[in-house]
1. Within a Cβ distance under 11 Å of Gly139, other residues only, what is the Lys/Arg minus Asp/Glu net charge?
2. Given the pairs Lys141/Lys161; Lys129/Lys160; Lys2/Lys160, which are separated by over 21 angstrom at their Cα positions?
3. For the ranges 61-73, 157-169, 134-146, 88-100, what's the packing order if you count other beta-carbon atoms within 10 Å of each residue, average per peptide, and put the highest first?
4. Projected onto the charge dipole of the range 1-151 (+1 at Lys/Arg Cβ, -1 at Asp/Glu Cβ, origin at the Cα centre), which of Leu150, Leu96, Ile32 gives the Cα projection farthest towards the positive end?
5. Excluding Asp70 itself, what net charge comes from residues whose Cβ is under 10 Å from its Cβ, given Lys and Arg +1 and Asp and Glu -1?
Amino acid sequence: MKLKQLEGLLGGLTQFSDPKVELEQYATGPHIASRMLYTAENSFDNIAGKVVADFGCGCGTLAVASALLDAEHVAGIDIDLQSLELAQENATDLELDIDLIQCDIKNLNLKGLLVDTVVMNPPFGTKRKGADMEFLSMGLKVASQAVYSLHKTSTREYIKKAALRNCNAISAEVLCEVILNSGFWAETMSFASHLLCCGSTSKRSSISQSICGALSHKLETKGKASSLA
């Protein structure tokens, strides 16, 4: 799929009508989302044929982009049920198969090393200090290959140092910089996971099983999201 086509499809997604400030909900625009995922695929081969998890998926923009770029399995994880319902609507409109899981990222329970790539537009930590690093830390624990994440430009050096020092990332690079609708300058950063050499090559039968040990089956009913207690 060409970049312009990907951006166009993402531009047609339904976005938040009443974003929850306490969760730092803000839409990931089609311009940066398309370039973030297109780069992950065309420069690093981290999407097509891979198991991709979208942390804090919101309305599902990054998850949808991953599915459009031929990821083998895609899961969207969010604490907010209304966001997951919106993501399901967007996936259904494009006839995409995306697993949606309601879960606080801090309580994510992973069994096995089955997720290749984590993509996310996490909270910046403006409402709850440290929220950005909670997402990044879990992403680097889960991903066997790479994490692609949006962060405030002003926190660049802190994020890079923390990822390398505390989260066992083997590299941390800035891919691009943009200004968001919220007024923040933000940038896409890529992190090579410390699990790179340990990634499983076995067939993934269910991304829901891969990501959350307490979730026993893949979503079968459209319009519903699984809940992880």
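1. Working: positive: Lys141; negative: Asp54, Asp132, Glu134.
Net charge around Gly139: -2.
2. Working: Lys141/Lys161 16 Å; Lys129/Lys160 17 Å; Lys2/Lys160 31 Å.
Among Lys141/Lys161; Lys129/Lys160; Lys2/Lys160, the Cα-Cα distance tops 21 Å for Lys2/Lys160.
3. Working: 61-73: 25.1, 157-169: 16.1, 134-146: 23.1, 88-100: 18.0.
Per-residue Cβ counts within 10 Å, averaged per peptide and sorted highest first, yield 61-73, 134-146, 88-100, 157-169.
4. Leu150
5. Numbers: positive: Lys50; negative: Glu41, Glu72.
In short, -1.
Since every read-out is calculated from the coordinates, none of them should be taken as a lab result. Just so you know, these numbers come straight off a predicted model, no measurement behind them. In this analysis, Cβ positions are derived from the backbone assuming ideal geometry, glycine residues included, and neighbour counts consider all displayed protein chains.
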